[in-house]
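Below is one structure, written out as structure tokens; the observations come after it.
Where a number appears in this text, it was derived from the coordinates with a stated rule and is not lab data. All values reported here derive from a predicted model rather than from experimental measurement. Note: ideal-geometry Cβ built from the backbone for every residue, glycine included; neighbour counts use all protein chains shown.
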Amino acid sequence: MDRRVFVSCVWIGAALAWGLGTASAANTPKPNFIVINIDDMGYADIGPFGSKLNRTPNLDRMAEEGRKLTSFYAAPVCSPSRAALMTGCYPKRALPIPGVLFPAGAVGLTPERRTVAELLKEAGYTTGCIGKWHLGDQPPFLPTRRGFDYYLGIPYSNDMGTAAEGSKSNLGDPIPKPKSKQRNTTAGDECGLRGSGQPPLPLLENETVVARVKQDEQQGIVERYTTAAVKFIHANRGKSFLLYLPHNAVHFPIYPGKAWAGKSPNGIYSDWVEEVDWSVGRVLDTLRELQLDKKTLVIFTSDNGGTARAVNAPLRGNKGSTLEGGMRVPTLAWWPGRIPAGTSCNAITGMMDVLPTFVRLAGGRLPADRKLDGCDIWPLLSGESKEPAHDVFYYFRGFKLEAVRSGPWKLHLGVAAPAKAKAKAQPSGPQLYNLDTDIGESANVAKENLDRVKKLQSLAERMRDDLGLDGVGPGCRALGRVSGPKPLINHDGTIREGFAPK
């Protein structure tokens, strides 16, 4: 069935919103939702996806009690991936920017897109976001303005602070010498301050700067987020809640906690992966202790593929590319008694499916006046159906459509790797791969399958009049925008007016 950008698929399974067949949404308690989103984790950085380096007993157990999603897609980089998760759309529809957002940017997530937090609040949920936001740090873009009742976290990446305070170097490395010139925003660069022009790194609680994140705070950030997450679960155990827990780990700079640094046999990156596993265990153990495990759906994922320090095998490529290693991320779904234990699903799923799935399970309403690209994937999570949710998946890097997938067939439309990639140049022509037999995208079979190449090129062409093949298409929503953006902590260390503790 031709669903174009498959908007209509959000209605699949509506009559089976719980997918159980034994109880209706009207007389079944609403489930809780937790999304644990790791930053820059590689596909094979955890045991369930083949890691031989990192000890991840809690994630191993989560997979044994839940379901692996082996074709779950994010975006090549941070901000677009988070936009997809929050809005149920391709990133380019909700956040049409060339890369990521930076401190004191004039733009952020468009107000025209309803977030999953806003829609669940309408369904009676309490909502909390603890961790990295990265969808805009100016007041209109903050989590507390986009549906979250509570927020604690660094509002962007942990490397977007000053070199002198540890934001540009890993734990134990020397502080880099300051550069002679600072790079600041220009009239043509509204995504924010970059490089050495970035201000001190803030930790926000709701809309108050509660700490300046230096080296000690970096090293304690996983534990701080985890403690806050456990507190949030305890405080809301009698309610229906959404907890979004996007860790800054394991993004550069690498800062494993003091109890973890030097404890793994494979360096500080492995230390931090293992601390993340501990954090997941604390969250799941809290659900068990409070007897909330049977009414809570937990999703564990990563915001994009891993960097060169991660392990993405057997995938090819890394963060920043539309190769599988740049966008396919290790994902687990856990809900004891509802999701079949020890199972795996290879159907195409992704960040944009979170919103329609959660809202349907909550008995809420999806917006009828806005286009969604995501699907309700509960039938796949529950094992009720093996039918694919997506006939087609589009791989965008910034404004450009670089690849398209239908079933196992993936066509790269041009150069597959980013221009800055430190790898040999990629062929400029179409590249076709069968991901069922060649998940590593090693054998280009375009010449032997010209008809299939033409079909996928035709599917790609459908995006021309929607999101566009390059640049901003007619289906892209206008960015949220403010005038005169300012850092939350100024370069002189003073806190922006309205954000200082009272």
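Values computed for the structure shown
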| quantity | calculated |
| --- | --- |
| Rounded Å value of the spacing that divides the Cα centres of region 270-300 and region 102-148 | 24 Å |
| Given charges at Cβ of Lys, Arg, Asp, Glu: the chain dipole, positive-most of 485, 74, 495 | 485 |
| Dipole in debye (nearest 20) - the chain, about Cα centre, beta carbon charges: Lys, Arg +1; Asp, Glu -1 | 560 debye |
| Spatial separation of Cα centroids for region 56-97 and region 432-502, in angstrom | 14 Å |
| Normalised contact order of the chain, rounded percent, pairs of Cα under 8 Å and 6 or more residues apart | 26 percent |
| Likely footprinting exposure, 282, 464, fewest C-beta neighbours within 10 Å first | 464, 282 |
| Net lengthening on full extension, residue 472/residue 206 (0.36 nm per residue, minus Cα-Cα) | 92.5 nm |
| Average projection area in nm² (convex hull over Cα atoms of the chain, one quarter of hull surface) | 22.6 nm² |
| Theoretical FRET efficiency, 1/(1+(r/R0)^6), r = Cβ-Cβ of residue 386 and residue 189, R0 51 Å, to 0.05 | 0.65 |
| Extension reserve of the residue 259-residue 483 stretch, reckoned as 0.36 nm per residue once the Cα distance is removed | 76.3 nm |
| Two-site FRET efficiency, residue 450 against residue 175, from Cβ-Cβ distance with R₀ of 41 Å, rounded to 0.05 | 0.15 |
